[in-house]
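Asks: Have a look at the structure that comes next, please.
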Amino acid sequence: MIERNRSVITRIADHISGGAYSANKTANPPTQKAEGLIIHHVGSGSASSAEALPYIRISLNGRVVVVDRNTGRQIHYLGEIRRKNGVEVFVLATKENGFISPLDETFTDALSDFDGRTLESKYTEEKLAEEISSALGITT
């Protein structure tokens, strides 16, 4: 049906585009088609052979994560700091706390004491990060 009405379609396209449709068709010769096997390597550069250097980072939006110091990539998502009744509380990433992708048991067991811990002037985010690092055996 389209091929039978190609001339009408071309006239409408020329009318709408002020003749540019037909001008572009004749000005641009058809491009060459690739032949053979084409391989695209999409990556972030060379793979780093260095061992990961983990540390605990608490972002501005309250996400508590383990990050590789070499690459800056997140290794594990541990939880977040939420405001409950005007108090900041650390919430561990567990299914019970409403997280879709909960931590595995090794992290949950090591960090269960931190779940629900309140942050205040004496117990800051920096102190929380230090204690989580210690509980996970991460040296800074």
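Asks: State the extension gain, in nm to one decimal, for the chain segment bounded by residue 61 and residue 105, taking 0.36 nm per residue of separation less the distance between their alpha-carbons. Spell out each step's value before the answer.
Replies: On the way: separation 44, 0.36 × 44 = 15.84 nm, distance 2.53 nm.
Gain in length upon complete extension: 13.3 nm.
Asks: Test of understanding: in a Gaussian network model of the chain with alpha carbons linked when under 10 Å, which of 110, 50, 13 would top the mean-square fluctuation ranking?
Replies: 13
Asks: Then there's this: I'd like the chymotrypsin sites (Phe, Trp or Tyr not before Pro) in region 57-140 restricted to DSSP loop residues with at most 15 other Cβ atoms within 10 Å, sorted by number. Intermediate results must be reported in sequence, preceding the final value.
Replies: Working: sites: 77, 90, 99, 107, 114, 123; in loops: 99, 123.
Answer by residue number: 99, 123.
Asks: Scanning the chain for helices, which whole DSSP H stretches are 15 Å or more long along the axis (Cα) and average -1.0 or more by Kyte-Doolittle? Before the final figure, lay out the partial values.
Replies: Details: long enough: 6-17 (16 Å, 0.12); 125-136 (16 Å, -0.32).
Helices meeting the criterion: 6-17, 125-136.
Asks: Starting from the Cα of residue 51, step 7 Å along the direction of its Cβ; do the same at residue 11; then give the gap between the two resulting points in nm.
Replies: 7.7 nm
Asks: Next question. Could you list the trypsin sites (Lys or Arg not before Pro) in region 44-140 that lie in coil according to DSSP, counting only those with at most 14 other Cβ atoms within 10 Å of their Cβ?
Replies: Numbers: sites: 57, 63, 69, 73, 82, 83, 84, 95, 117, 122, 127; in loops: 69, 73, 95, 117, 122.
The qualifying sites are 69, 73, 95, 122.
Asks: Roll a 1.4 angstrom probe over the protein heavy atoms and tell me the percent of accessible area of the chain that is carbon or sulfur.
Replies: Working: 5540 of 10700 Å².
Heavy-atom surface of the chain belonging to carbon and sulfur, 1.4 Å probe: 52 percent.
Asks: Now, a different point. May I ask you to list the residues of region 111-129 whose amide nitrogen lies under 11 Å from a point 7 Å from Cα along the Cα→beta-carbon direction of residue 87?
Replies: 116-120
Asks: Let me know the charge dipole size of the chain about its Cα centre in debye, to the nearest 20, where only the beta-carbon of Lys, Arg (+1) and Asp, Glu (-1) is charged.
Replies: Working: 16 positive and 18 negative charges, 218 e Å.
That gives the chain a dipole magnitude of about 1040 debye.
Asks: A follow-up question, please. With θ set to phi - 60° and the Karplus curve 6.51 cos²θ - 1.76 cosθ + 1.60, what are the ³J(HN,Hα) couplings of region 73-82 in order, to the nearest whole Hz, using x for Gly and Pro?
Replies: So the Karplus estimates, Gly and Pro as x, are 8, 6, 9, 9, 9, 9, x, 8, 9, 10 Hz.
Asks: Using Cα pairs closer than 8 Å and at least 6 residues apart in sequence, work out the relative contact order for the chain, in percent.
Replies: Working: 147 pairs, mean separation 20.1, N = 140.
Relative contact order of the chain: 14 percent.
Asks: Roughly what percent of Cα-Cα pairs across the chain reach past 18 Å?
Replies: Details: 6774 of 9730 pairs.
Taking all Cα-Cα pairs of the chain, the fraction more than 18 Å apart is 70 percent.
Asks: Here is a further query. Out of residues 5 or more away from residue 75 or on other chains, whose amide H comes under 5 Å of its own, with H placed 1.01 Å from N in the peptide plane?
Replies: Long-range HN contacts for residue 75: 66, 67, 68.
Asks: Using the heavy atoms of the protein chains alone and a 1.4 angstrom probe, what is the accessible area of the chain per residue in square angstrom?
Replies: Details: 10700 Å² over 140 residues.
Normalised by residue count, the accessible surface of the chain is 76 Å².
The values are calculated or read from the model by the stated rules, or taken from the named source; none is laboratory data. Since we're looking at a predicted model, the values are computed, not measured. Neighbour counts are summed over all protein chains in view; Cβ atoms, including those assigned to glycine, are modelled from backbone coordinates with ideal geometry. Quick note on the areas: whole protein, heavy atoms, side chains included, nothing else; ligands and nucleic acids left out. Shrake-Rupley method; radii C 1.70, N 1.55, O 1.52, S 1.80 Å.
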